[in-house]
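> Have a look at the structure that comes next, please.
The values are calculated or read from the model by the stated rules, or taken from the named source; none is laboratory data. Computed from a predicted structure; not experimentally measured. In this analysis, Cβ positions are derived from the backbone assuming ideal geometry, glycine residues included, and neighbour counts consider all displayed protein chains. Each accessible area value is taken on the protein alone, full model and side chains, heavy atoms only, with ligands, DNA and RNA left out. Shrake-Rupley method; radii C 1.70, N 1.55, O 1.52, S 1.80 Å.
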Amino acid sequence: MLNLKFTRNPPLVIEKLQKKNFNASAIVGNIIELYQQKNKLQVQAEQAKAEMNKISAEVGNLMRQGKKDEAEIAKARTSEIKENIKQFDLDFAAIEEKVYELQVQLPNLPHDSVSVGKGAADNEIVKRLGEIPVLPENALPHWELAAKYNIIDFELGVKLTGAGFPVYRGKGAQLQRALINFFLAEASKAGYEEIQPPLMVNEASGFGTGQLPDKEGQMYHATIDNLYLIPTAEVPVTNIYRDVIVEAKNLPYKNTAYSACFRREAGSYGKDVRGLNRLHQFDKVEIVQIAHPEKSYETLEDMVKHVESLVQKLELPFRILRLCGGDMSFTSALTYDFEVFSAAQKMWLEVSSVSNFESFQANRLKLRYRDETTKKPQLAHTLNGSALALPRIVAALLENNQTPEGIKIPKVLVPYCGFDIIN
RNA sequence: GGUGAGGUGGGUGAGUGGCUAAAACCAGCAGUUUGCUAAACUGCCGUACGGGAAACUGUACCGCGGGUUCGAAUCCCGCCCUCACCGCCA
């Protein structure tokens, strides 16, 4: 949710949001108009309330002095004021609601470095590293490798739960565990405090990170208890900082968490969902930072470096994209996507998305830091990224490392796996 | 699932109708004193939204929502949450 302070500079907001192909002029215009009405009303309402308070105090004094008649006279003055206050409050609430409705429609302002673009095709490749492996003629896609070596059973998952809930077994399960441990260990080394969060969250948390109310359909909802299965550890971890004021000198806060992630993915079918490409339940290690506004872009670079080091150590060919305005999420100010090349599918697969949300999330979360000079609470910046999401990493590892002897495990993972080949 | 207790500022916790943004203590900040540390003393120490060039000032907020009243942290109603004990159980 965009801080209303931005709307005090309408041309800037409108110009910036054009990058996201979003025409904000009508909304911003309405907000400003409503805002002025709201302030006018607030002045009137507060004057009336101040008078009420004064009369009440008077009545109290008169009563104590035993001047009952005078108190009665004072009381008589209140009924009209009371009616006015009631009406002011109703009007005020109505305007506030309207402002809010408009406010939540505004996407986050993109960072200056974000380029104009319509969609994925316009994203800027900022880095590309690693050789794309040359596979033999009879190379298999990962879902066939998974069946061949009996390490991931998609059909069994359908039996137990449904499509998109694969069962990992044997070395497949061990590989999952190894990846999780590897990612967590790397994050710890980089100074992130590890968190084991709840996998279900309440409404307030869903709201805090922006999944609710609009993206409700993305999450599994346990209606009896009104709890939501988390779509990412970002939700519980970032909500740790909901409604808190932190000390500036303690920034940045760095957290990492492994969690299973649950996504309904309603409406996505077809080729892209084959195998591990898109699942309803998957594993991910997330990194989250709470940063000082002046430092948050350094923080973003820091996180990108961290994710980069992970894909490099896994020896996967990858590229980093700076998302264009048209492909960025509603909430992000700047996003880098990581894609690894899955050699049998011959596809780039997104395995991480690292974003700076600036104060967009913090505004909803009421996450503030106390400025060291002014001592005033200010909105902090929140950032997060996958480090990393497992399924597509596994897909690429299986496909890229397939050999006639079996699937080679990258060196860095061998100590975590306890084996160096799947055969 | 049953029964009971309770939700007040960063923390503990007082407050049962007006003089309460809310005692006291702890933590925190600034200062005084002091060989150092420690201690002692003094002051400050909520948030949001308004008005004002500013000094300053108004309003709201004691889990959330409604009600009673001239006036509500305090009384009434509804909801949410937490804790304790019992039962069941990883």
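Residue-wise test of (1) at pLDDT 95 or above; (2) touching a helix residue (DSSP H, G or I) at 6+ places or on another chain (Cβ under 8 Å); (3) closer than 18 Å to A:Ser342 by Cα; (4) not assigned by TED's automatic domain parsing to the domain that holds A:Val13.
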{"site": "A:Met303", "(1), (2), (3), (4)": "yes, no, no, yes"}
{"site": "A:His306", "(1), (2), (3), (4)": "yes, yes, no, yes"}
{"site": "A:Lys313", "(1), (2), (3), (4)": "yes, yes, yes, yes"}
{"site": "A:Leu323", "(1), (2), (3), (4)": "yes, no, no, yes"}
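> Provide a single number: the residues in the range A:19-31 that are of a type outside the set (D, E, K, R) and either within 16 Å of RNA strand B (Cβ to nearest atom) or in contact (Cβ under 8 Å) with a residue 24 or more places away in the chain (or both). Quick ask: steps written out before the conclusion?
Let us first name the residues in the range A:19-31 that are of a type outside the set (D, E, K, R), namely A:21-31.
Then drop every residue that is not either within 16 Å of RNA strand B (Cβ to nearest atom) or in contact (Cβ under 8 Å) with a residue 24 or more places away in the chain (or both), which leaves A:21-22, A:24, A:27-28, A:30-31.
Result for the range A:19-31: 7.
> Is at least one residue of the range A:398-405 within 30 Å of the chain's Cα centre (by Cα) and not charged (D, E, K, R)?
Among the residues of the range A:398-405, at least one is within 30 Å of the chain's Cα centre (by Cα) and not charged (D, E, K, R), which makes the answer yes.
> Just checking, how many residues over the range A:308-332 are out of contact with any Pro (no Cβ under 6 Å at 6 or more places or on another chain) and either open to solvent by 10 Å² or more (accessible area, probe 1.4 Å) or aliphatic (A, V, I, L, M) (or both)? Step through it out loud before you land on a result.
The initial filter retains those residues of the range A:308-332 that are out of contact with any Pro (no Cβ under 6 Å at 6 or more places or on another chain), namely A:308-313, A:316-324, A:326-329, A:331-332.
From what's left, either open to solvent by 10 Å² or more (accessible area, probe 1.4 Å) or aliphatic (A, V, I, L, M) (or both): A:308-313, A:316, A:319-323, A:326-329, A:331.
Final tally of qualifying residues: 17.
> Let me ask something else about it. Name the pairs: first residue in the range A:355-380 and over 28 Å from A:Val307 (Cα atoms), second residue among the hydroxyl-bearing types (Ser, Thr, Tyr), Cβ to Cβ under 7 Å, at least 6 apart or on different chains?
A:Gln378/A:Tyr369
> Could you count how many residues in the range A:395-409 are in contact (Cβ under 8 Å) with a residue 12 or more places away in the chain, surrounded by fewer than 24 Cβ atoms within 10 Å (Cβ to Cβ) and assigned to a strand (DSSP E or B)?
Of the residues in the range A:395-409, 3 are in contact (Cβ under 8 Å) with a residue 12 or more places away in the chain, surrounded by fewer than 24 Cβ atoms within 10 Å (Cβ to Cβ) and assigned to a strand (DSSP E or B).
> Is it the case, given these coordinates, that A:Gly164 is touching a residue at least 60 places away in the same chain (Cβ under 8 Å) and either within 16 Å of RNA strand B (Cβ to nearest atom) or outside the structural domain of A:Arg263 (by TED's automatic domain parsing) (or both)?
Considered against the rule, which asks whether it is touching a residue at least 60 places away in the same chain (Cβ under 8 Å) and either within 16 Å of RNA strand B (Cβ to nearest atom) or outside the structural domain of A:Arg263 (by TED's automatic domain parsing) (or both), A:Gly164 comes out as no.
> Mind checking which residues of the range A:32-57 are within 8 Å of RNA strand B (Cβ to nearest atom), of a type in the set (A, V, I, L, M, F, W, C) and touching a residue at least 40 places away in the same chain (Cβ under 8 Å)?
A:Ala45
> Return yes when A:Ala173 is assigned to a helix (DSSP H, G or I), without any contact (Cβ under 8 Å) to a residue 60 or more places away in the chain and more than 30 Å from A:Leu300 (Cα to Cα) and no when it is not.
Taking the combined requirement at face value, the residue satisfies it.
> Would it be correct to say that A:Leu300 is crowded, with 23+ Cβ neighbours inside 10 Å, in contact with a Leu (Cβ under 8 Å, 6 or more places away or on another chain), outside any strand (DSSP E or B) and on the phi < 0 side of the Ramachandran plot?
Yes.
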